[in-house]
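The values are calculated or read from the model by the stated rules, or taken from the named source; none is laboratory data. From a predicted model like this one, the values you see are computed outputs, not experimental measurements. Here the Cβ positions follow ideal geometry from the backbone for every residue, glycine too, while neighbour counts run over all protein chains shown. Only protein heavy atoms, including side chains, enter the accessible area calculation; ligands, DNA and RNA are left aside. Shrake-Rupley method; radii C 1.70, N 1.55, O 1.52, S 1.80 Å.
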Amino acid sequence: MRKVRCMLAVMALAVSAGAAFAGEKGEGKDYRSYPHMFVGLNGGAQVSFSNYDFSKLITPAYGVSFGAYFNPVVGARLHVGGYENKGGIKSLDQTYDFNTVTGSADLLLNVTNMFRENKDGVFNFILVGGVGLAGAWDNDDFHALSARAVESYPMAWQDNRISHNVRLGMQFDFNIAKHFGMNLELAANNRADRINSKTTDRDDWNASASLGLIFKFGHKKGEKMAEAKSAEPVPVVEEWATRMDTVWYDDVTYKEVPEKVSYEDNIYYQIRLSEPDPANKIQKIADFVKNHKNCKVQVTAYADKGTGTPKLNMNYSKTRAEKVVAALVKAGVDKAIITSSYKGDTVQPFAENDKNRVAVVKVTGEGMKKEPVKTRKYKLEETRYRVK
């Protein structure tokens with residue numbers, strides 16, 4: 001574990017140095033973040049899962065990778081890693097060491113860049129998946145222990161062992177500067193059952209956690225650099241002249257023209273009542289007449305069929321019409337422009353019975369509205385132009 005601590009210290013020092021170059025990132029950068037290539041070094045710990053206490057099987061793990069991001073979302077790498085592995089014999093309560101190395105071709109999927117507009121964010125969440133081979137050697141410790149064990153291990157390998165390796169994992173990636181990055185990778189590796197010289201009738205699993213430093217290179221030039229190189233000063237001699245141009249436009253004015261207007265309101269009554277209520281409706285009708293020309297007012301009164309008798313209802317509607325006319329005249333409406341009628345319960349203007357205790361007032365007249373008038377005009381404008 002001392003080697004792991006030393007490597008972590010080196011990584012921390014490198015991250016601090018890389019942060020000094022963080023100013024390269026930002027609005028003024030002269031490169032494109034994607035595509036690019038990278039080389040990575042990582043170190044951490046790994047553990048194999050078996051029928052032994054996994055906490056006693058933790059060992060250091062180191063790796064190196066080379067790859068590229070083809071766009072902000074998709075990348076690929078070749079990864080080689082490993083070091084010392086441990087296994088355990090339960091009956092002896094002892095562990096044994098053997099060496100492993102894994103090589104795999106991995107696909108990298110930047111999930112964060114799939115959903116954000118700014119592809120140059122500091123943090124990235126990346127999914128890792130790949131296939132390859134795992135090799136193991138130096139199995140002397142196991143054979144020395146198994147000779148003293150009660151159980152036998154007929155499938156133990158001697159000189160070396162080759163196995164498939166399927167890798168699934170995730171990275172928490174941090175962009176530090178144009179050429180530097182750092183990540184934390186958590187991965188699970190599926191290998192052949194006999195890789196640790198014991199069999200459980202299922203493939204073995206190995207888990208690892210490591211910190212990595214990334215050196216990025218091969219960026220393409222950004223738009224700002226391309227603009228800077230193309231913007232070389234070219235001496236230009238220019239001559240200017242002026243001319244008078246005719247500019248046509250629409251001059252818009254407004255004139256008032258008469259228009260037909262109308263207003264209608266319903267004055268409802270409680271049962272057996274004929275006084276117009278509320279009074280503010282009478283005033284609104286009177287105000288409309290005062291504000292418009294050539295007005296005519298039609299008052300038609302009704303009674304509901306659900307109560308009373310036809311004769312009684314006819315009297316109610318007559319009284320209602322007369323009192324509405326009187327209220328309008330009192331409010332200032334000329335009686336000469338008012339016509340009235342009453343229907344009793346012979347006509348029911350509304351489906352709801354109680355609403356038919358009503359006087360309907362309709363007003364027609366003339367108002368004024370503003371109508372746009374366009375006049376085509378022109379003006380002279382002085383225009384300055386370059387003479388080649």
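Scanning segment 365-388 for residues being open to solvent by less than 80 Å² (accessible area, probe 1.4 Å), modelled with pLDDT under 90 and either of a type in the set (S, T, N, Q) or part of a loop (DSSP other than H, G, I, E, B) (or both) gives a total of 1.
Within segment 34-54, residues that are touching a residue at least 12 places away in the same chain (Cβ under 8 Å) reach partners that are among the polar types (S, T, N, Q) and open to solvent by 20 Å² or more (accessible area, probe 1.4 Å) with beta carbons closer than 6 Å, at six or more positions or on different chains, in the pairs Y34/N71; Q46/S208. Taken over segment 130-148, the criterion of being surrounded by fewer than 16 Cβ atoms within 10 Å (Cβ to Cβ) and either under 41 Å from the mean Cα position of the chain (by Cα) or within 21 Å of H164 (Cβ to Cβ) (or both) is satisfied by V131, L133, W137, D138.
Give segment 237-276 a look and list any residue that's under 30 Å from G306 (Cβ atoms), part of a strand (DSSP E or B) and open to solvent by 80 Å² or more (accessible area, probe 1.4 Å), or say none. Write out each step before concluding.
Of all residues in segment 237-276, those under 30 Å from G306 (Cβ atoms) come to 263-276.
From the residues that got through so far, the ones that are part of a strand (DSSP E or B) too are 263-268.
Once the filter is applied, which keeps residues that are under 30 Å from G306 (Cβ atoms), part of a strand (DSSP E or B) and open to solvent by 80 Å² or more (accessible area, probe 1.4 Å), segment 237-276 yields E264, Y268.
Of E185, E151, all but one fail to be under 26 Å from N51 (Cα atoms), charged (D, E, K, R) and surrounded by 17 or more Cβ atoms within 10 Å (Cβ to Cβ); the exception is E185. Across segment 329-388, the number of residues qualifying as among the hydrophobic types (A, V, I, L, M, F, W, C) and in contact with a Cys (Cβ under 7 Å, 6 or more places away or on another chain) comes to 2.
Looking at G63, G18, which is the one that is at pLDDT 90 or above and within 16 Å of N183 (Cβ to Cβ)? If you could, list the steps in order and put the result at the bottom.
Values: G18 fails: at pLDDT 90 or above.
Result: G63 is the single residue among G63, G18 that is at pLDDT 90 or above and within 16 Å of N183 (Cβ to Cβ).
If the condition is being open to solvent by less than 10 Å² (accessible area, probe 1.4 Å), within 13 Å of A134 (Cβ to Cβ) and of a type in the set (V, I, T), then segment 76-108 contributes T100, T102. Screening segment 344-364 for residues that are of a type outside the set (V, I, T) and surrounded by 19 or more Cβ atoms within 10 Å (Cβ to Cβ) and picking the one that is farthest from K305 (Cα to Cα) gives A359.
From the list V73, V47, which one is closer than 19 Å to I126 by Cβ, in contact with a helix residue (DSSP H, G or I) (Cβ under 8 Å, 6 or more places away or on another chain) and buried (at least 16 other Cβ atoms within 10 Å of the Cβ)?
Values: V47 fails: closer than 19 Å to I126 by Cβ.
Answer to the check: V73.
When the residues of segment 154-182 are filtered to those that are under 30 Å from R202 (Cβ atoms) and either open to solvent by 80 Å² or more (accessible area, probe 1.4 Å) or hydroxyl-bearing (S, T, Y) (or both), the one that is nearest to the chain's Cα centre (by Cα) is L168.
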